[in-house]
Amino acid sequence: MGSVEEILQNNWPFAYLNRKQRQRMNKEMILQRYKPGERILSLDEHVRHAYLIVEGSAKLSRQSEEELRFKKLLRTGILFGIRFAILHIPSNEEITAQDSVLCAKIPSTTLIEFIRESPPFSQAISRSLKQKQSLFSALSDFSNRLEQEANSGSINIEILLPYYKAMQPALHPKMNHHEIDFGAWSYAINRLPQDIAQTHIYLLSQNFPELFAGAKAFLSHVPTKHRRRKSWSLCPGKSLVLIRDGHTDLTDFVGNLCLHVIESQKIRRQAHAKHLVPLLFELKDREKELENVIQTTLQEDWTRFKELWPQNPIDQLRSIVTHHEDYVLYVERNLGLYDNDSAERWIEQIRKACITLYGDLDDLKVDIISSNSYGALHCLSPAIHRNRENILRWGKETHPEIYQYPYANPSDRLYALLNPYMDEHKHIRDEVKNNPAIIRINNDSYTGIGVDLINPHLLQGKEIDENLTLSDSSKHLIVNIDYAFGQQAEDIIGCLILLFHHKIRSIHVMGKAGSLVGKRGDILYANQVLLDTNDEAYPMVNQSVSVEQLKKDAGRSVFVGNVLTVQGTLLQNRSLLSYYRYFWDCVGLEMEGSFYARQIQRARSQNLLSKDVEMNFIYFISDLPLEEGSQLSKDMGPHEFAPPLYAITRAFLQACFNQ
């Protein structure tokens, strides 16, 4: 055993443990002897141990062009298999004994325990994974290739597909299966323009091109269901898409397009293999007969396809089998722009509206909330709270499945019922919009971000959420901005800081997050946000929102820790998620936090913001990307999102009122 102790004392990464930790590690190891030629680690094996070579040497081989090729010889003191053991990914290596080899097997649970206990040991392994084993190379390769293509002015999706596949996105688990991944496909389709199966060419621009300005009023708008992204059909087969920034939104569009291409290819191949394609055209005038043939041929896949494309599914299938996913994207860059851009037009609208609301901007006390477009509006709506009993009575009779849920805060029963109630009682929706204390600036300036300017003083004496106590200052302004998207957040908060600078007392950010802990509807309380591209960490300052109060109000678990900012929903895989869970103690991930925090930190350094500005970044869990069935492709129910969303909204509003 002396040789093992000597290796632990002198070799990476065990030398970073203290003596007592090394002794404990030694006790946890399992010694095993391998004969020459015996396999130690197999290709595609789900590894539960890392291996330390105590005696002898072993051969490492990797898959290359469908055959195993020898890469290097591993000698005494080398640790291998750690990436697979810790990050729970299948091995892409095969290790066989060159001669008689003695290995010390270290359970993955032991490694994770020491990673969490010893920061030096943790960072030694982290450094190796990122710098020597290029853990995130597939993610950076996709981003770099996309940037290279975009800078050239055009993007060919066929070129990007191999890079996309190499990432193995966690949201696209059946990417390499013959089986159609309807969950992932649903996610992508809802985030792409609805003409995606009929269009071959997309012009992507951050500003409306001057070339088409005269035709703008005559162009047909193309909606995107789950993205606030403006698109127009320019002519058959060609569309214009306004992207909100040149990185995150572009990455999101292209990533979802890659996913759509892969799943479209699967169903097209099915249609060809089952001789369905000629019938799609021969029976074009006999839709009922054709529907029966398709259902019999594709069976469950056709049922699920119709859920994806409820409008004219047969026409959509025809489009897919003939389209062949021949996409080309043209990217227009902002060069030599002198007119106001979209963010400048947006902030100018806010400035003018503030003057309408207050007369001037002098002596304003400003609090900024980034949340959704309706949470604060509902909490501060006299129309809703005046009709509280009517809404609850209606909900008990018509939606018992929502009404009967055991809400920790009774007000959340009211909010969970609001959408179906206002769909049936449209006058209430109109009254909510016509709140005299709130000026609404719609998202018509291409930022995709609506804004509510709230004067709490004008709500004095009116019915609002019973959990809130208003401030009485006549010069108090709450700026509630709708969700930004990725790096766009940096420019948006920067414009607000330029307008209000030292008038700003607090900045509160709420968002939806993927989580590495808990379950959907729980809450993540960030004490720090972390940017995945360079591991820059931005700590929260002067937090006032109580974790215990959030738990009590929402009736849900609250997890405190680091929250990771990722480049895109599809630019995350199991390696990235597991790495940041273990090495950075991240509780979840989202797409805007670090961009907000970076701009805030910059503004504090430039004396644009007070050092005392309060920051609260709190998220509700919308999905668990590592857990099948709890991913973003599945919508949250009212009982899942109402308690955390309104608990966070109330906490932010009360923090603003208490300033």
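The values are calculated or read from the model by the stated rules, or taken from the named source; none is laboratory data. Since the model is a prediction, treat every value here as computed from it, not as a measurement. Note: ideal-geometry Cβ built from the backbone for every residue, glycine included; neighbour counts use all protein chains shown. Note: accessible area is taken over every heavy atom of the protein model, side chains too, but ligands, DNA and RNA are not part of it. Shrake-Rupley method; radii C 1.70, N 1.55, O 1.52, S 1.80 Å.
Can you send over the carbon and sulfur percentage of the accessible area for the chain, probe radius 1.4 Å, protein chains only? Don't skip to the answer; put the middle values down first.
Details: 13250 of 28480 Å².
The nonpolar share, carbon plus sulfur, comes to 47 percent.
Hey, if you put +1 on the Cβ of every Lys and Arg and -1 on every Asp and Glu Cβ in the chain, which of Gln98, Leu496, Ala408 ends up farthest toward the positive end of that dipole?
Result: Gln98, furthest along the dipole toward the positive end.
Simple spin-label model, 7 Å along Cα-to-Cβ: Asn442 to Arg33 in nm?
8.0 nm
Taking only the alpha-carbon positions of the range 474-629 and ignoring solvent, what does the Debye formula give for the base-10 log of I(q)/I(0) at q = 0.11, 0.16 Å⁻¹?
-0.42, -0.88
Taking Lys105 as the anchor, which aspartates and glutamates have their alpha carbon closer than 12 Å to its alpha carbon, excluding any fewer than eight residues away along the same chain?
In chain and number order, the partners are Glu28.
When the chain is fully extended, how far beyond the present Cα-Cα distance does Leu498 get from Glu45, taking 0.36 nm per residue of separation? Write out the running numbers ahead of the final one.
On the way: separation 453, 0.36 × 453 = 163.08 nm, distance 5.45 nm.
Fully extending the segment from Leu498 to Glu45 adds 157.6 nm.
Taking amide H positions as placed in the peptide plane 1.01 Å from N, state which residues far from Phe617 in sequence (5 or more) or on other chains have amide H under 5 Å from it.
Excluding prolines and chain starts, which carry no amide H, the hits are Val509, Ala526.
Taking the alpha carbon gyration tensor of the range 410-569, what are the square roots of 5 times its eigenvalues, largest first, to the nearest whole Å? All intermediate terms of the calculation are to be shown ahead of the outcome.
Values: eigenvalues 157, 97, 67 Å².
For the range 410-569, the ellipsoid semi-axes come out as 28, 22, 18 Å.
Applying a 10 Å radius around every beta-carbon, put 478-486, 98-106 in order of their mean neighbour count, most first. Walk me through the numbers on the way to the answer.
Values: 478-486: 23.4, 98-106: 19.0.
Going by the mean number of other Cβ atoms within 10 Å, highest first, we get 478-486, 98-106.
Given a Förster distance of 25 angstrom, what is the FRET efficiency for Val293 paired with Lys174, based on the Cβ-Cβ distance and rounded to 0.05? Kindly include the intermediate steps, with their values, before the conclusion.
Numbers: r = 26 Å, r/R0 = 1.05.
For Val293 and Lys174, the calculated efficiency is 0.45.
Let's see if you can work this out: charge +1 on each Lys and Arg Cβ, -1 on each Asp and Glu Cβ, no other charges. What is the dipole magnitude of the range 527-601 about its Cα centre, in debye to the nearest 20? Working shown, then result.
Numbers: 6 positive and 8 negative charges, 47 e Å.
Rounded to the nearest 20 debye, it is 220 debye.
With everything on Cα atoms, drop me the angle between helix 248-273 and the longest principal axis of the chain, reported from 0 to 90° to the nearest 10.
That helix lies at roughly 70 degrees to the long axis.
Which links in Lys132/Lys266; Lys35/Lys71; Lys238/Lys266; Lys274/Lys519 stretch past 30 Å when you go from one Cα to the other? Don't jump to the answer; show the numbers that get you there.
Working: Lys132/Lys266 36 Å; Lys35/Lys71 20 Å; Lys238/Lys266 24 Å; Lys274/Lys519 41 Å.
With Cα atoms farther than 30 Å apart: Lys132/Lys266; Lys274/Lys519.
Could you calculate the contour length gain from Gln98 to Arg333, that is, 0.36 nm times the residue separation minus the distance between their Cα atoms, to one decimal place in nm?
On the way: separation 235, 0.36 × 235 = 84.60 nm, distance 5.57 nm.
Here the segment from Gln98 to Arg333 would lengthen by 79.0 nm.
Let me make sure I get this right: for the range 308-420, a, b and c are the square roots of the gyration tensor eigenvalues over alpha carbons, sorted descending. Under 1.5 in a/c it's rounded, otherwise prolate if a/b > b/c, else oblate. Which is it? Working shown, then result.
Working: a/c = 3.52, a/b = 1.10, b/c = 3.20.
The shape class here is oblate.
What is the mean projected area of the alpha carbon convex hull for the range 55-188, to one decimal in square nanometres?
On the way: hull surface 46.4 nm².
Projected over every direction and averaged, the Cα hull of the range 55-188 covers 11.6 nm².
Could you work out how far apart the two model spin labels at Gln9 and Ala353 are, taking each label as a point 7 Å from the Cα in the direction of the beta carbon, and quote it in nm?
Taking the simple label geometry, Gln9 and Ala353 are separated by 6.9 nm.
May I ask you to order 272-285, 124-137 by the average number of other C-beta atoms within 10 Å around their residues, highest value first? Please list the in-between numbers first.
Working: 272-285: 13.0, 124-137: 15.4.
In descending order of packing, they fall as 124-137, 272-285.
Please figure out what share of the DSSP beta bridges in the range 456-596 is antiparallel and state it in percent, rounded to the nearest 5.
Numbers: 6 of 18 bridges.
Around 35 percent antiparallel, to the nearest 5.
Give me the percent of Cα-Cα pairs in the range 226-321 that sit more than 17 Å apart, rounded to a whole number.
Values: 2726 of 4560 pairs.
Tail fraction, whole percent: 60.
Could you tell me which of rounded, prolate or oblate describes the range 76-143, using a ≥ b ≥ c as the square roots of the eigenvalues of the alpha-carbon gyration tensor, with rounded for a/c under 1.5 and, failing that, prolate when a/b is larger than b/c and oblate otherwise? Provide the component values of the computation, followed by the final result.
Values: a/c = 1.96, a/b = 1.20, b/c = 1.63.
Oblate shape, in that a/c is at least 1.5 and b/c is the bigger or equal ratio.
Evaluate the distance, in nm, between pseudo-label points positioned 7 Å from the Cα of Gln606 and of Ser128 along their respective Cα→Cβ axes.
4.3 nm
Just for the chain, what percent of DSSP beta bridges are antiparallel, to the closest 5?
Working: 54 of 96 bridges.
Expressed as a percentage, antiparallel bridges in the chain total about 55.
Considering the convex hull of the alpha carbon atoms of the range 365-426, report its projected area averaged over all viewing directions, in nm², one decimal. It would help to have the intermediate numbers written out before the result.
Numbers: hull surface 21.3 nm².
The Cα convex hull of the range 365-426, projected and averaged over all directions, gives 5.3 nm².
From the helices alone, meaning DSSP H stretches of at least four residues, give me the mean residue ellipticity at 222 nm for the chain, per-run term -39500 (n - 2.57), in deg cm²/dmol to the nearest 500. Display every interim value, and only then the final one.
Working: 25 runs with 272 residues, N = 659.
Mean residue ellipticity at 222 nm (helix-derived): -12500 deg cm²/dmol.
Provide the gained length on full extension for the span Glu397 to Phe208, in nm with one decimal, where the gain is 0.36 nm per separating residue minus the Cα-Cα distance.
That works out to 63.2 nm of additional length.
If I take every Cα pair under 8 Å that is 6 or more residues apart in the chain, average their sequence separation and divide by the length, what percent do I get for the relative contact order?
Numbers: 1182 pairs, mean separation 88.5, N = 659.
Worked out over the chain, it gives 13 percent.
Enter the accessible area per residue of the chain (Å², integer; probe 1.4 Å; all protein chains in place). Display every interim value, and only then the final one.
Working: 28480 Å² over 659 residues.
Heavy-atom SASA per residue in the chain reads 43 Å².
Would you mind checking the tilt of helix 411-424 against the longest principal axis of the Cα atoms of the chain, expressed as 0 to 90 degrees and rounded to 10?
Tilt of helix 411-424: around 70 degrees.
In a solvent-free Debye calculation with one equal scatterer on each Cα, what is log10 I(q)/I(0) for the range 443-536 at q = 0.15, 0.19 Å⁻¹, listed in the order of the q values?
-0.88, -1.21
Once you have the Kirkwood Rh of the range 1-129 from its Cα pairs, apply Stokes-Einstein at 37 °C and 0.692 mPa s and quote D in µm²/s. Don't jump to the answer; show the numbers that get you there.
Working: Rh = 14.9 Å.
Diffusion coefficient, whole number: 221 µm²/s.
So, with +1 on the Cβ of K and R and -1 on the Cβ of D and E, and no other charges, what is the size of the charge dipole of the chain about its Cα centre, to the nearest 20 debye? Let's see the in-between values first.
Numbers: 75 positive and 80 negative charges, 274 e Å.
So the magnitude is around 1320 debye.
Which whole-Hz couplings ³J(HN,Hα) result when phi for each residue of the range 295-301 is put into the Karplus expression 6.51 cos²θ - 1.76 cosθ + 1.60, θ = phi - 60°, listed in order with x for Gly and Pro?
After applying 6.51 cos²θ - 1.76 cosθ + 1.60, I find 4, 5, 6, 9, 6, 4, 4 Hz.
Setting aside same-chain residues fewer than 8 positions from Lys352, which lysines have a Cα under 27 Å from its Cα?
List returned: Lys216, Lys230, Lys365, Lys433, Lys462, Lys475, Lys503.
For the range 396-453, what is the convex hull volume of the alpha-carbon atoms per residue, in Å³? Please report the intermediate quantities before stating the final value.
Working: hull volume 7.7 nm³, N = 58.
Once divided by residue count, the hull of the range 396-453 is 132 Å³.
Just checking my list (1) 27.8, 85; (2) 24.7, 82; (3) 32.1, 115 against Rg and Dmax of the Cα atoms in Å computed from this structure; which label fits?
(1)
Using only Cα atoms and rounding to the nearest 10 degrees, what angle (0 to 90) does helix 137-152 make with the longest principal axis of the chain?
Once rounded, one gets 50 degrees.
So if R0 is 22 Å, what FRET efficiency would Asn434 and Asn390 give, r being the distance between their Cβ atoms, rounded to the nearest 0.05? Spell out each step's value before the answer.
Numbers: r = 18 Å, r/R0 = 0.84.
Calculated value: 0.75.
Please sort 259-268, 406-415 by packing, taking for each peptide the average over its residues of neighbouring beta carbons within 10 angstrom, highest first.
Values: 259-268: 20.8, 406-415: 18.8.
In decreasing order of mean packing, 259-268, 406-415 become 259-268, 406-415.
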